[in-house]
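The values are calculated or read from the model by the stated rules, or taken from the named source; none is laboratory data. Computed from a predicted model, the values in this text were never measured in an experiment. Don't worry about glycine lacking a Cβ; one is built from the backbone with ideal geometry, like all the others, and counts go over all protein chains shown. Accessible surface is based on the protein model in full, side chains and every heavy atom, while ligands, DNA and RNA are left aside. Shrake-Rupley method; radii C 1.70, N 1.55, O 1.52, S 1.80 Å.
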Amino acid sequence: MKKKVLTVVLMMAMTVSLIAGCGGKEKEAEGDKIKLTFLDKHPEEEYKGYFEQAIADFEDAHPDVDIEYENISDQAIKEKLSVLAAGGDLPDIFFAWGGECLNRFSRAGRTLDLTPYMEDDPEWRDSFLPSFLSSSVYDGKNYAVPYRSSVLYMLYSKQVFADNNLDVPETWDEFIDVCQKLQENDVTPIAFGNSDKWYTMWYVGQFNANYVDAGTRTSDYNPESGAFTDPGYTKAVQTFLDLNDKGYLGTNVNSQDYYQVREEFAAGRYGMILDATSQFSFYTDAMGEDGYGYFKIPIPNDASGDEAASIVTGGSENYAVSAECKHPDEAVEFLKFMTSKEQALKQTKETGLPNALIGGITEDNSDPVIAAAYETAEDYTAIAEWLDQCVDGNVANTYMASLQEGLDGKTAEDIIADVQKAAKEVAEANK
């Protein structure tokens, strides 16, 4: 009897001990912060302070969340995301351009489907400009949200144009005439630097949209079906190479850097430069609101794409959540914070980076040039995603490397032959 009583007492003691132990672990777990890793691409001085402060503000409002932030350059993040994806170790939250850059992760099941969160919060979903939100859609589902929007324009120096008695061109013939007159007056018409290779893709991507219809581009930009046999692709490359062959881009362009030539443009050494609205704040700071203007990229005379007159290269920059994230609700809460109206207005006002919200860009939070540019962009009915981001990485790298060779004499036909070969290899690998 005593033995039985002792056994019961011991069992009760063990039970109390286990309950106390479990309670202690629960309390300890509750005291631990939720950690989220975040990979972004804004190391420039004019941007990084805003993002660091935004993260700090979110952490203050969510004291149980700690965000480990890494901030690297454009090229570095392309390479790092590829490596991390291959190793199965994507950050909880990460930056991604639209198009194929994001689709490759979504297709592989590596990104979190945000559609249920948007269905639960339609006000959040409907706050985005539809054309930019659509860049994160794959197979009918949303896999990211846009926090930054951008559209390409040709910028011009008002002083250089005034000094050379030039009017803003509206047609391709007028554009070429401006280039010719600047060149005759010993002014390099267009600032261009391609040491990092990607800059060619802005031009060729835009010309692809002018020369090749949307359905064909969609098929070719898909790694499973890309062929690039439409003659419009060769015309697009040739149109770009003609600008270089005529000397309108200057000399030694493959040894010059984009950031270098835009500084030189701002200093009055060039007449024009192709750039995106996301970069307009740099020119406003360097040249003043009245120092530069912009115009729509003229359509080449022989362009035949079904959207030639109404499409422009641009797109969104997005934040996605890894499918392996252990705290998806908190990660999505961070996305909601970063893309809230209050934060988006602040982003544009403090950094000049145009947000992607409806009514998010005004003269109150941006300069009149940017506000007017977005109003002008309303005439565009379609956005062609950045070429180096909407095709498979192997195709993009081949495109860029071969175009760089094209600036040194390689023909448009040979460049597209290289692209076709790379696309075929990618398509076969995706069967």
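The Stokes-Einstein estimate for segment 150-201, based on a Kirkwood radius over Cα pairs and taken at 4 °C with 1.567 mPa s viscosity, is a diffusion coefficient of 105 µm²/s. Carbon and sulfur together cover what percent of the accessible area of the chain at a 1.4 Å probe radius? Solvent-exposed carbon and sulfur of the chain make up 49 percent of the total. Maximal additional length on extending the ASP74-VAL168 stretch stands at 30.7 nm, based on 0.36 nm per residue less the C-alpha distance. A compact globular protein would have a Cα radius of gyration near 2.2 N^0.38 Å; the ratio found for segment 63-149 is 1.14. Dipole orientation for segment 121-242: of the candidates ALA144, ASN210, THR229, ALA144 has the Cα lying most toward the positive pole (charges on Cβ; Lys, Arg +1; Asp, Glu -1). Checked against a 23 Å cut-off, the cross-linked pairs LYS78/LYS197; LYS181/LYS235; LYS78/LYS346; LYS141/LYS336; LYS80/LYS410; LYS197/LYS421 give Cα-Cα distances beyond that limit for LYS181/LYS235; LYS78/LYS346; LYS80/LYS410. For the chain, a crude dipole built from +1 on the beta carbon of Lys and Arg and -1 on the beta carbon of Asp and Glu, taken about the Cα centre, is about 1940 debye to the nearest 20. Projecting the Cα atoms of LEU274, GLY88, TYR319 onto the charge dipole of the chain, computed from C-beta unit charges around the Cα centre, puts GLY88 farthest toward the positive end. The alpha-carbon of LYS431 sits under 20 angstrom from the alpha-carbons of these aspartates and glutamates, leaving out residues fewer than 8 places away in its chain: GLU100, ASP139, ASP220, GLU224, ASP392. A simple spin-label model places pseudo-atoms 7 Å from Cα toward Cβ; at GLU405 and LYS33 they are separated by 5.1 nm. Just so you know, the Rg over Rh for the chain is 1.09, from Cα atoms, with Rh as the Kirkwood radius.
Using R₀ = 25 Å, calculate the FRET efficiency as 1/(1 + (r/R₀)^6) where r is the Cβ-Cβ separation of ALA372 and GLU123; round to 0.05. Rounded to the nearest 0.05, the efficiency is 0.30. Averaged over residues, the count of other Cβ atoms within 10 Å places the peptides 314-321, 141-148, 105-112 in the sequence 314-321, 141-148, 105-112, highest first. In a simple Cβ point-charge model (Lys, Arg +1; Asp, Glu -1; nothing else charged), segment 249-293 has a dipole of about 160 debye relative to its Cα centre. Placing unit charges on the Cβ atoms only, positive for Lys and Arg and negative for Asp and Glu, gives segment 321-362 a dipole magnitude near 220 debye about its Cα centre. Shown are ASP213, ASP196, ASP285, whose ranking by accessible area with a 1.4 Å probe and every protein chain present, most to least, is ASP285, ASP196, ASP213. Per residue, the accessible area of the chain comes to 45 Å² when a 1.4 Å probe rolls over the protein heavy atoms.
Simple spin-label estimate for ALA286 and GLU413 gives 3.9 nm between the two label positions (7 Å along the Cα-to-Cβ direction from each Cα).
Helical runs (DSSP H, four residues minimum) scored at -39500 (n - 2.57) apiece and divided by the length of the chain put the mean residue ellipticity at 222 nm at -15500 deg cm²/dmol. Taking every C-alpha pair closer than 8 Å and separated by at least 6 residues, the mean separation divided by the residue count of the chain gives a relative contact order of 25 percent. Between THR251 and GLN180, the simple spin-label model (points 7 angstrom out along Cα→Cβ) gives 2.3 nm. For the peptides 226-235, 258-267, residues were scored by their other Cβ atoms within 10 Å and the scores averaged per peptide; the highest-first order is 226-235, 258-267. Once divided by 2.2 N^0.38 Å, the Cα radius of gyration of segment 219-342 becomes 1.46.
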